[in-house]
Amino acid sequence: MADLKSFAVLGAGSYGTALAIVLASNGHQVNMWARDAAQAATMQAERSNSRYLPDVTFPKGLEVTDDIAKAVSDSDVVLVAVPSHAFRSALQSIKPHLINELPIIWASKGLDPDTGDLLGNVLKEELGASQPHAILSGPSFAKEMARGMPTAISLASDDPELAEQLALDFHNERFRVYISSDVIGLQIGGAVKNVVAIGAGIADGLGFGSNARTALITRGLAEMKRLGVALGGKPETFNGMAGMGDLVLTCTDDQSRNRRFGLALGQGGDREGAENAIGQVVEGVRNAHEIHMLSERVGVEMPICEAIYKIIYEGADPKAAARELLTRDLKAES
């Protein structure tokens with residue numbers, strides 16, 4: 001049993017709230033920070049996140065605040081669960097309030113929006129290379145986590161002792177945590193799967209069927225692995241929870257915002273209308289641009305992710321992009 005700790009959870013969206021609920025249910029004190037003061041006050045008064053998880057009551061020990069300084073200074077661990085494009089600014093906000101190098105975990109899935117760099121590198125730039133850190137990633141829809149439905153996820157850190165301690169903090173009979181040392185692999189898995197899920201949605205929106213969806217997932221996994229290994233990730237990571245597991249979940253279930261966004265595009269909708277209809281951040285939209293920058297920089301071929309990038313950012317026709325993928329030169333599978 002892990003020692004009970006106090007956690008600052010930065011980000012009161014569906015995913016941050018679900019993780020806060022898991023931690024509080026395990027007996028930890030949780031200070032969840034919401035940027036909007038009115039939203040924070042409403043959640044604290046109602047003891048729920050009525051916008052994203054309306055049917056889940058907050059457990060004892062979960063408090064909501066808009067005071068980021070207090071949330072961080074009163075905590076033993078900081079969990080960052082903001083959208084990836086806000087990751088750097090979140091670190092800059094907490095830096096003055098970090099005491100004794102508190103461990104930082106992030107659950108944001110994506111890359112730096114300006115450079116396409118890994119979020120782990122952003123953390124080192126903003127907080128220093130000695131800052132203890134870990135990443136949490138894997139197949140985990142917020143609604144199911146918050147309701148206590150069985151979930152398995154991966155947690156990676158360069159520090160094996162820290163990884164084990166943090167895994168115990170999250171782990172319970174319905175939330176299983178697998179420990180990894182592959183911080184790079186978990187980051188690449190979480191970003192690339194969002195882009196491939198948009199592609200799966202587009203394929204289904206075009207009416208291409210199950211065969212095409214399965215082929216897209218399989219070849220999307222190959223692209224994910226190529227990029228991850230080129231950056232120093234471990235090949236076996238991409239066969240696990242944070243690779244294949246998260247990819248299959250996001251590509252096949254309509255709880256996925258990325259998949260729903262792709263469905264709308266495949267059915268003839270436009271980017272703005274699809275994002276407005278979903279009403280939450282669709283991480284894969286930014287991730288497509290970030291992966292485009294990163295793959296070009298390291299020289300890794302990613303035809304599926306590149307096709308999604310062209311559809312979103314260059315106005316390519318989804319049917320034409322699919323045709324281009326299908327008519328590429330024949331090659332060996334591996």
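The values are calculated or read from the model by the stated rules, or taken from the named source; none is laboratory data. As the structure is a computational prediction, the values presented were derived from the model and not from experiment. Note that we place each Cβ from the backbone using ideal geometry, even for glycine, and neighbour counts take in every protein chain shown. What goes into the accessible areas is simple: the full protein's heavy atoms, side chains included, and nothing from ligands, DNA or RNA. Shrake-Rupley method; radii C 1.70, N 1.55, O 1.52, S 1.80 Å.
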### Query
Do the alpha carbons of any pairs in Lys193/Lys234; Lys234/Lys319; Lys143/Lys193 sit beyond 28 Å of each other, and which pairs?
Lys234/Lys319
### Message
Per residue, how large is the accessible surface of the range 191-327? Use a 1.4 angstrom probe and give square angstrom.
### Response
43 Å²
### Query
Solvent-accessible area per residue for the range 6-181 at a 1.4 Å probe radius, Å²?
40 Å²
### Query
Applying the Karplus parametrisation 6.51 cos²θ - 1.76 cosθ + 1.60 with θ = phi - 60° to the phi angles of the range 253-269, what ³J(HN,Hα) value in whole Hz is obtained for each residue in order, glycine and proline being reported as x?
10, 6, 5, 6, 5, 5, 5, 5, 4, x, 4, 4, 5, x, 8, x, x
### Query
Given the Cα-Cα distance of Asp253 and Ala129 and 0.36 nm per residue of separation, how much length would full extension add, in nm?
40.9 nm
### Query
Whole-Hz Karplus ³J(HN,Hα) for the range 177-188, in order, using 6.51 cos²θ - 1.76 cosθ + 1.60 and θ = phi - 60°, x for Gly and Pro?
10, 9, 8, 9, 9, 8, 5, 5, x, 5, 5, 5
### Query
Once you put a point 7 Å from the Cα of Asn172 and another 7 Å from the Cα of Asn211, both along the Cβ direction, what distance in nm separates them?
4.6 nm
### Query
To the nearest 0.05, what FRET efficiency results for Asn100 and Glu164 with a Förster distance of 30 Å applied to their C-beta separation?
0.90
### Query
Which of Asn211, Asn239, Asn121 moves the most in a Gaussian network model of the chain with Cα springs under 10 Å?
Asn211
### Message
Considering only C-alpha atoms, what is the centroid distance from the range 93-162 to the range 231-250, in Å?
### Response
16 Å
### Rounded to the nearest 20 debye, dipole of the range 225-264 from Cβ charges on Lys, Arg, Asp, Glu
160 debye
### Task
Mind jotting down a quarter of the surface of the convex hull over the alpha carbons of the range 244-309, in square nanometres, one decimal?
4.8 nm²
### Task
Could you size up the charge dipole of the range 191-327 around its Cα centre, putting +1 on the beta carbon of Lys and Arg and -1 on that of Asp and Glu, and report it in debye to the nearest 20?
240 debye
#### Entry: Carbon + sulfur, % of accessible area of the chain - ligands and nucleic acids excluded, 1.4 Å
50 percent
## Note on the structure
Ranking Pro54, Gly205, Gly138 by how far each Cα lies towards the positive end of the charge dipole of the chain (+1 on Lys and Arg Cβ, -1 on Asp and Glu Cβ), the top one is Gly205
### Task
Note down the accessible area of Met244, probe 1.4 Å, to the nearest 10 Å².
90 Å²
#### Entry: Segment Leu4-Ser89, length gained on full extension (0.36 nm per residue, minus Cα span)
27.7 nm
### Message
Skipping prolines and chain starts, which residues have an amide H placed within reach, meaning under 5 Å, of the one on Asp74, given they are 5 or more residues away or on another chain?
### Response
none
### Task
Between beta-carbons, use under 13 Å as the cut-off and find the net charge around Leu123, counting Lys and Arg +1, Asp and Glu -1.
-3
## Note on the structure
Here the gain from full extension of Asp74 to Glu236, 0.36 nm per residue of separation minus their alpha-carbon distance, amounts to 54.5 nm
#### Entry: Amide H contacts of Arg176 (H built 1.01 Å from N, under 5 Å, at least 5 apart or other chain)
Thr151, Ala152, Ile153
### Task
Work out from phi, with θ = phi - 60° and the Karplus expression 6.51 cos²θ - 1.76 cosθ + 1.60, the ³J(HN,Hα) of each residue of the range 23-28, listed in order in whole Hz, and give x for Gly and Pro.
5, 5, 5, 7, x, 7
